[in-house]
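Visitor: Structure in structure tokens, see below.
The values are calculated or read from the model by the stated rules, or taken from the named source; none is laboratory data. A quick note: this is a predicted structure, and the numbers were derived from the prediction, not measured. Because the Cβ atoms are built from the backbone with ideal geometry, glycine has one as well, and the counts that use them run over all protein chains shown. Protein only, heavy atoms only, side chains kept; ligands, DNA and RNA dropped before computing areas. Shrake-Rupley method; radii C 1.70, N 1.55, O 1.52, S 1.80 Å.
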Amino acid sequence: MEFLRLILLNTNPGIAAVMSLLLGVLLVLSITGAVRETKETTALELFLIWFRRAMVILLAMLFPLTAAALYLLAYVSFSQDWTAATNYMSLWIAELKTAASDMWWSLIVVFLLPVLVRTIVLRWLRPAISSWTRKFRVRQTGDALSDIRVEVSKIKAKDFNPRDYYRDGMMFLGLDGAGQPVHMDDEIFKKNHLKIIGPSQTGKGVNLGVLLDQAIKKGWGAWFVDLKPDDFIYDIMRESCEDNGRPAPLVLDFNGVGDGFYAPFVNGTMRERRERVVKAFTMADTGQTADFYKRIEREILDFLMPLWDGTLNNLKKLLEGKHPEISDAKRNWIRENCGSIKSNASEFSQLESLCATKEQSFDVASALHSSQVVYVRSHMKDTVVRKGTVALLDEVVQVALRHPLPKHVLLIVDECRFVVSDTMADALATVLSKGISIGLAYQSVKDLLNLPDKSLNAESIKTGIETNTQVTISYRANDDETAEWVSLQTGTVQKSVTKLEKVETNRGGAEEWSAERSVGQAEEQLIPVNQLLSLPPRVGALIRPNTLATLLYTCWVPVKEMRGMPNRGAALAAIKPTKPAPPASATEGAIADPFEDPFAASVSDEFNTPEADPFAALDNAEADPFASLEAGNTLTKAVDPFNDYDSNPLAEQNGESSKEQSRTRKAAKGKLSADEEAAITAAIAGILADEQPRQQQKSTSDQPKRESRVDLSELDDLEGI
């Protein structure tokens, strides 16, 4: 009885709200879920089906059973008096009606709460659970195609000291993705040229410094041709020489800011010198109408080569016809048709570094054979400087092809497209056996198709360079063509990737991953294009023969002190001890002009001796192949003017100077009689005697002035004049 009274007294709106919430939850768990037949047979799934059905039955029977139980309890409590029990139930129902009328909003909760809960579960909870379970799914394959969004954030540069990884007999290139050092055996490195591709500020210079530092440490010859210029390379080379007990780098600055002199056409055989002139003066045929004039200019060059000592000053005088073996007809022919040669000689003469005598000039053969460390400063925009650099590189190749070098030489050319030539491209296939490996650095594969010298076959040069440079280091590519080309060089791999993965749309309009996934094979490059386009600075792709391509992490060589390249004149003695060069207007290298003013400011030393021969300059020139056409005489001895080396290391070791060699190989001319020799000696003595008394005559004005006259009419009948 007390319990019935407690229920009646405590029937209030709060209980109605709880009852409404309970009904809503039951609706979510039973009514809103579809009860359907299924083929699922697991115990858990069968239990869930049974449980959902039981909830539906319980919900349908809950209210009537509760009322019946309460009615039965009232009947028992009122001594089995049905009238009293009925009156109690009437009061209870009245209380429920009153509570429901006061709590009408609970009906809204009953009908809207299930819909809200169902929406949350279907549209947010179940998709999140589906994605989470897919992420931790145990897959049969983990392959995936490259995604630029992943590549950009995945690869990061590494900082380290390259010198910690140097090994004897090995060339250190960098670290791989796992942080392990990547080495190449010295013998393999010597047998391969390399190319370094990448835009500015991506890490090319960093890697070049590491390679040069190791080459100097190993005792190799190390050459760096700098066109930018680089701010660190020279100091790396200098400190490496100091640390390894080697002489300071030889500096050759074509711009005239730093030290060094170079005569581009002095050294080598006559054929080699002629080839360099044709390349530097762009006198080769191009398949155009201008080739007609270039052929005439080459004829002039062939005529002058035996008379020319290779210096620019002497060339300009020869073009004016100032040589005893040039007849009046030839002189006029040269002056009328030497336009290109003369203009190029004038342009080259504007550079002090190129106006050098043989004694002043940087000796390429000596530097190569003695394994010197050489730093060459060039320029990307100055046309004449570029031409001088091309001549230097051509001479390096020519010297190397004569005889194998005693020690290996590493030659690196930065921004090579400005100075590359067909000679350089062709030499890549031959100089490896002679002891030179070349590293060419440029920004893009398209650079090799845009050469400054339009007379060159750019496509052929590009193919030759790409074919003969087996080692490739490519930093971040800024164009698709470079990225695709490098990526193709790494080779392809087969990947097992997801071909198809289904999703299903649930009743809430949200997608859920299904359990079905289709896997197939896909082909992709080992280093894909996306990686090459997203590489950070100092990270590149390394491609080597017979080795899988890999990502290469590089870092700079530490420099203790930044001094920069020394100014002009600071290291002249380090290149070659030479005598002070006389003014260009007073001397013409090794050959003095017998027709110049005898009272010039400076006279060649050859005229300071009484027995000087005014035509002794011809002793250093090769036999003139045209002399027989002009004078009607023939050579008494067959001499090949193209087999003479101006600088022969072997001859120098035997104590033979270049003058002695040229004197022994002098072509036999018509011999002079004793009277003719005496007349020549008297003529020279008169010239020299007229030069010396000038100051004396000024100081002794009281003495009568005498003019020294010499009769040269006897020389008119000499052959060759």
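Visitor: Identify all residues within segment 199-227 that are among the basic types (Lys, Arg) and touching a His at 6+ places or on another chain (Cβ under 9 Å); write none if there are none.
Guide: Matches in segment 199-227: LYS218 only.
Visitor: From the list THR482, THR472, THR463, pick out the single residue that is in a helix (DSSP H, G or I), under 30 Å from ILE236 (Cα atoms) and either hydroxyl-bearing (Ser, Thr, Tyr) or touching a Gly at 6+ places or on another chain (Cβ under 7 Å) (or both).
Guide: None of the other options fit; the residue is THR482.
Visitor: Does LEU488 satisfy the condition of being in contact with a Lys or Arg (Cβ under 9 Å, 6 or more places away or on another chain), in a helix (DSSP H, G or I) and either surrounded by fewer than 19 Cβ atoms within 10 Å (Cβ to Cβ) or not β-branched (Val, Ile, Thr) (or both)?
Guide: No.
Visitor: Residue check, PRO247 against (1) crowded, with 21+ Cβ neighbours inside 10 Å; (2) of a type outside the set (Lys, Arg); (3) modelled with pLDDT of 90 or more, all met but one. Which one?
Guide: Against the list (1) crowded, with 21+ Cβ neighbours inside 10 Å; (2) of a type outside the set (Lys, Arg); (3) modelled with pLDDT of 90 or more, PRO247 comes up short only on (1).
Visitor: For segment 263-285: of the residues being acidic (Asp, Glu) and at pLDDT 90 or above, which is least open to solvent (accessible area, probe 1.4 Å)?
Guide: Only one residue tops the list, namely GLU272.
Visitor: Please go through segment 87-100 and give me each residue that is in contact (Cβ under 8 Å) with a residue 12 or more places away in the chain and either open to solvent by 70 Å² or more (accessible area, probe 1.4 Å) or farther than 16 Å from GLU2 by Cα (or both), ordered by number.
Guide: The answer is LEU91, GLU95, LEU96, ALA99, ALA100.
Visitor: Let me ask something else about it. If I go through segment 250-261 residue by residue, how many of them are in contact with an Asp or Glu (Cβ under 9 Å, 6 or more places away or on another chain) and either open to solvent by less than 10 Å² (accessible area, probe 1.4 Å) or farther than 30 Å from LYS217 by Cβ (or both)?
Guide: Count: 7.
Visitor: Check ALA400, ALA429, ALA458 and return the single one that is small (Gly, Ala, Ser) and open to solvent by less than 10 Å² (accessible area, probe 1.4 Å).
Guide: Sole residue among the options that is small (Gly, Ala, Ser) and open to solvent by less than 10 Å² (accessible area, probe 1.4 Å): ALA400.
Visitor: The conditions are (1) modelled with pLDDT of 90 or more; (2) within 22 Å of LYS228 (Cα to Cα), and ILE436 fails exactly one of them. Which is it?
Guide: (2) is the only condition that ILE436 fails.
Visitor: Where in segment 118-203 are the strands (runs of 3 or more DSSP E), entirely inside, with at least 2 residues that are surrounded by 12 or more Cβ atoms within 10 Å (Cβ to Cβ) and β-branched (Val, Ile, Thr)?
Guide: Ranges flagged: 194-197.
Visitor: Take the residues in segment 318-357 that are open to solvent by 60 Å² or more (accessible area, probe 1.4 Å) and within 35 Å of the chain's Cα centre (by Cα), then tell me which one is farthest from VAL257 (Cα to Cα).
Guide: In this case the residue turns out to be GLU347.
Visitor: Follow-up. Filtering segment 204-229 down to residues that are part of a loop (DSSP other than H, G, I, E, B) and more than 19 Å from PRO162 (Cα to Cα), which residue is least open to solvent (accessible area, probe 1.4 Å)?
Guide: Step by step, filter segment 204-229, then rank; the result is LEU227.
Visitor: In this structure, does ALA84 turn out to be loosely packed, with under 13 Cβ neighbours inside 10 Å and at pLDDT 70 or above?
Guide: no
Visitor: When you check PHE224 against the structure, is it at pLDDT 95 or above, within 21 Å of LEU368 (Cα to Cα) and not acidic (Asp, Glu), yes or no?
Guide: The answer is yes for PHE224.
Visitor: Can you tell me which residue among ARG271, ARG163, ARG167 is in contact (Cβ under 8 Å) with a residue 40 or more places away in the chain and more than 24 Å from the chain's Cα centre (by Cα)?
Guide: Just one listed residue meets the conditions, ARG271.
Visitor: Another question, then. Out of ALA280, ALA284, I need the residue that is in contact with a Lys or Arg (Cβ under 6 Å, 6 or more places away or on another chain) and of a type in the set (A, V, I, L, M). Which one?
Guide: So the residue among ALA280, ALA284 that is in contact with a Lys or Arg (Cβ under 6 Å, 6 or more places away or on another chain) and of a type in the set (A, V, I, L, M) is ALA280.
Visitor: In segment 41-59, what residues are within 19 Å of VAL110 (Cβ to Cβ) and open to solvent by 70 Å² or more (accessible area, probe 1.4 Å)?
Guide: Within segment 41-59, just LEU58 meets the criteria.
Visitor: Against the definition (outside any helix (DSSP H, G or I) and modelled with pLDDT under 80), how does GLU45 come out, yes or no?
Guide: No, not satisfied.
Visitor: A further question on this structure: Any idea how many residues of segment 493-542 are hydrophobic (A, V, I, L, M, F, W, C), closer than 21 Å to THR472 by Cβ and buried (at least 16 other Cβ atoms within 10 Å of the Cβ)?
Guide: Within segment 493-542, residues that are hydrophobic (A, V, I, L, M, F, W, C), closer than 21 Å to THR472 by Cβ and buried (at least 16 other Cβ atoms within 10 Å of the Cβ) number 9.
Visitor: Using the structure shown, decide if TYR234 is open to solvent by 10 Å² or more (accessible area, probe 1.4 Å), in contact (Cβ under 8 Å) with a residue 40 or more places away in the chain and either within 14 Å of GLU561 (Cβ to Cβ) or not aliphatic (A, V, I, L, M) (or both).
Guide: For TYR234, the condition - open to solvent by 10 Å² or more (accessible area, probe 1.4 Å), in contact (Cβ under 8 Å) with a residue 40 or more places away in the chain and either within 14 Å of GLU561 (Cβ to Cβ) or not aliphatic (A, V, I, L, M) (or both) - is met.
Visitor: Oh, and also: Within the group VAL364, VAL413, which residue is closer than 21 Å to ASN255 by Cα, at pLDDT 90 or above, under 21 Å from the mean Cα position of the chain (by Cα) and surrounded by 19 or more Cβ atoms within 10 Å (Cβ to Cβ)?
Guide: VAL413
Visitor: Is there any pair with a first residue in segment 105-129 that is touching a residue at least 40 places away in the same chain (Cβ under 8 Å) and at negative phi and a second that is of a type in the set (Val, Ile, Thr) and open to solvent by 90 Å² or more (accessible area, probe 1.4 Å) whose Cβ atoms are under 8 Å apart and which are 6 or more apart or on different chains, and what are they?
Guide: PRO114/ILE31
Visitor: What are the residue pairs meeting all of these: first residue in segment 364-392, first residue over 22 Å from PHE418 (Cβ atoms) and in contact (Cβ under 8 Å) with a residue 12 or more places away in the chain, second residue polar (S, T, N, Q) and outside any helix (DSSP H, G or I), Cβ atoms under 6 Å, and 6 or more apart or on different chains?
Guide: As it stands, the answer is ALA365/SER647, since those pairs meet every condition given.
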